[in-house]
1. Among 129, 137, which is the only one that is touching a strand residue (DSSP E or B) at 6+ places or on another chain (Cβ under 7 Å), crowded, with 17+ Cβ neighbours inside 10 Å and of a type in the set (Val, Ile, Thr)?
2. So residue 166 clears everything in (1) surrounded by 21 or more Cβ atoms within 10 Å (Cβ to Cβ); (2) more than 30 Å from residue 340 (Cβ to Cβ); (3) not aliphatic (A, V, I, L, M) except one condition, right? Which one?
3. Among the residues of the range 196-211 satisfying the criterion of being surrounded by fewer than 20 Cβ atoms within 10 Å (Cβ to Cβ) and touching a strand residue (DSSP E or B) at 6+ places or on another chain (Cβ under 8 Å), which is farthest from residue 147 (Cα to Cα)?
4. Listed residues 303, 223; which is modelled with pLDDT under 90, in contact with a His (Cβ under 6 Å, 6 or more places away or on another chain) and under 24 Å from residue 348 (Cα atoms)?
5. Please count how many residues of the range 174-189 are within 17 Å of residue 149 (Cβ to Cβ) and in contact (Cβ under 8 Å) with a residue 40 or more places away in the chain.
6. Considering every residue within the range 67-76, establish whether at least one is buried (at least 17 other Cβ atoms within 10 Å of the Cβ), more than 17 Å from the chain's Cα centre (by Cα) and closer than 29 Å to residue 46 by Cα.
7. Any residue in the range 147-170 that is free of Cβ contacts under 8 Å to residues at least 40 places away in the same chain, of a type in the set (Ser, Thr, Tyr) and within 22 Å of residue 353 (Cα to Cα)?
8. Please verify whether the range 90-99 includes one or more residues that are crowded, with 19+ Cβ neighbours inside 10 Å, more than 18 Å from residue 37 (Cβ to Cβ) and not assigned by TED's automatic domain parsing to the domain that holds residue 353.
Amino acid sequence: MAVVDFELPSDDDPRRAAVREWIAAHPLPTGRQLAEAGLVAPHWPRPYGLDADPIQQIVIDEELGAAGVVRPSNPIGIGWAGPTLLHAGTAEQKDRHLLPLLAGEEIWCQLFSEPDAGSDLAALSTRAVRDGDEWVVNGQKIWTSLGHQAAFGILIARTDPDAPKQQGISYFICPMDLPGIEIRPIVEMTGSHTFNEVFFTDVRLSADALVGEEHRGWALAKVTLGNERVSLSSGGALWGRGPDATTLLDLVRRAGGTADPLMRQRLAQLHVESEILRLIRLRTVTAAIRGEQPGPEASIRKVLADEHGQRIMGLAKDLAGPGGMLFDHGPLGTEPALWHYGFLFSPALTVGGGTGEVQRNIISERVLGLPHDPGA
């Protein structure tokens, strides 16, 4: 059984001092300065990161947070595309893309899901056909977060239609301003616009847009999805953004608590879930320190974190009372902040990045040893 087996460095540890010295010299750092210092993704290899071990990563996170330093926001680029390029990109692809990506100068999107290939991603039908020194892409993607803001996308397309469905797929870097790309917004019930449909009509990608080997892109897609499941289940309750359980619990404490026994029970449950997720994260740190891979823990954490996020937002709405039916009322008379948006967005948590049902299938097969198919 996995255990938590490490201690965090003391306040006078040299690793903390080094980060504090850098912050003192850069009190208002730009995204480029943070990226060049290796502080955006310190676990990445140099020169993009610091080759930091898990303990050093936690130290850096704590010191940046204490100083109020905010890293660049590029969730798909930093969380999913970057690690895949590190894993399989050419030297030229890394040199061209990784620093601007880390600095938040070039936003990325993910061009994976299709209308007829959502949870069964390997059933995708977007085609990429080789034509001399170019690939010609035709097809449609959907639920493309940040597609309307992105400079680049990570694209998977079928390059061998006669191969089995998890073969014959290739992985590309796609500039989002190419002729033939049409981006149509999908407005959510939150009223905001994050998702998009993306249509490809005879879009021409240069030959060097291919990442890894031709027809071997499914393995790279799994690398991306593994990073996605970790990224989506960390930080705030809305896939790393927004308030979390501690935020809501602190708000209730400041308001003098609640006498409602059912509300008290729900608040206690949120605290328990939050601690479980924190301990899973620390177990992952322990495994990394020992050189072990957490494996399906990414799916376990995502299942727990997504449903936990929905319960946080649901309880926040209930604490708002009748005013919770309005967009401008937060829990216990507070400002609405992200609470109203979070409540409307939270149903998406158990769908995006692989549905809860898909994650449970992974857990049942890889942890419990159940067969892939009930009839197998």
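1. Going through 129, 137 in turn, the sole match is 137.
2. (1)
3. Going through the qualifying residues, I end up with 207.
4. Numbers: 303 fails: in contact with a His (Cβ under 6 Å, 6 or more places away or on another chain).
Every option except 223 fails the conditions.
5. Residues of the range 174-189 that are within 17 Å of residue 149 (Cβ to Cβ), as a first pass: 174-178, 181-188.
From the residues that got through so far, the ones that are in contact (Cβ under 8 Å) with a residue 40 or more places away in the chain too are 174, 176, 186, 188.
Count: 4.
6. At the first step, the residues of the range 67-76 found to be buried (at least 17 other Cβ atoms within 10 Å of the Cβ) are 69, 71-72, 74-76.
Narrowing the set further to residues that are more than 17 Å from the chain's Cα centre (by Cα) leaves 69.
From what is left, the residues that are closer than 29 Å to residue 46 by Cα are 69.
Checked against the condition, which is being buried (at least 17 other Cβ atoms within 10 Å of the Cβ), more than 17 Å from the chain's Cα centre (by Cα) and closer than 29 Å to residue 46 by Cα, the range 67-76 yields at least one hit.
7. For the range 147-170, residues free of Cβ contacts under 8 Å to residues at least 40 places away in the same chain, of a type in the set (Ser, Thr, Tyr) and within 22 Å of residue 353 (Cα to Cα): absent.
8. yes
The values are calculated or read from the model by the stated rules, or taken from the named source; none is laboratory data. Everything numeric in this text was worked out from a predicted model, so none of it was measured. With ideal geometry, Cβ positions are generated from the backbone for all residues, glycine too; neighbour counts draw on all protein chains shown.
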